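None of the figures in this text is laboratory data; all of them are computed from the coordinates on show. Worth saying up front: this structure is predicted, and the values here are computed from it rather than measured. Virtual Cβ from ideal backbone geometry, glycine too; neighbours counted across all protein chains shown.
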């Protein structure tokens, strides 16, 4: 990561700090998230997730339309 220096009005920064604290985050995190969104990083992540989910759906893996046919107890039943 690299550092970024910006110039902003003192009152704007004070209000941003208060709002960030109310949201349980920091001004730095808010600016970083904005820049990632602005640069399209989040869009790329969403696209990758959509592609992954599509591959998973097409794989046919899973419990199928009828759902699973076993219970957790049956799965772990290790009687000899």
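On full extension of the chain, what length is gained from residue 76 through residue 21, given 0.36 nm per residue of separation minus the C-alpha to C-alpha distance? Don't jump to the answer; show the numbers that get you there.
Working: separation 55, 0.36 × 55 = 19.80 nm, distance 4.65 nm.
Result: 15.2 nm gained on full extension.
Mind ordering 34-40, 54-60 by average Cβ neighbours within 10 Å, highest first? Each step should come with its number before you reach the end.
Details: 34-40: 10.7, 54-60: 9.0.
Top of the packing list down: 34-40, 54-60.
Per residue of the chain, the DSSP helices (runs of n ≥ 4 H) give a summed -39500 (n - 2.57) that works out to -18500 deg cm²/dmol at 222 nm.
For residue 61 and residue 36, what is the calculated FRET efficiency with R₀ set at 30 Å and r taken between the beta-carbons, to the nearest 0.05? Write out the running numbers ahead of the final one.
Details: r = 32 Å, r/R0 = 1.06.
After rounding, the FRET efficiency stands at 0.40.
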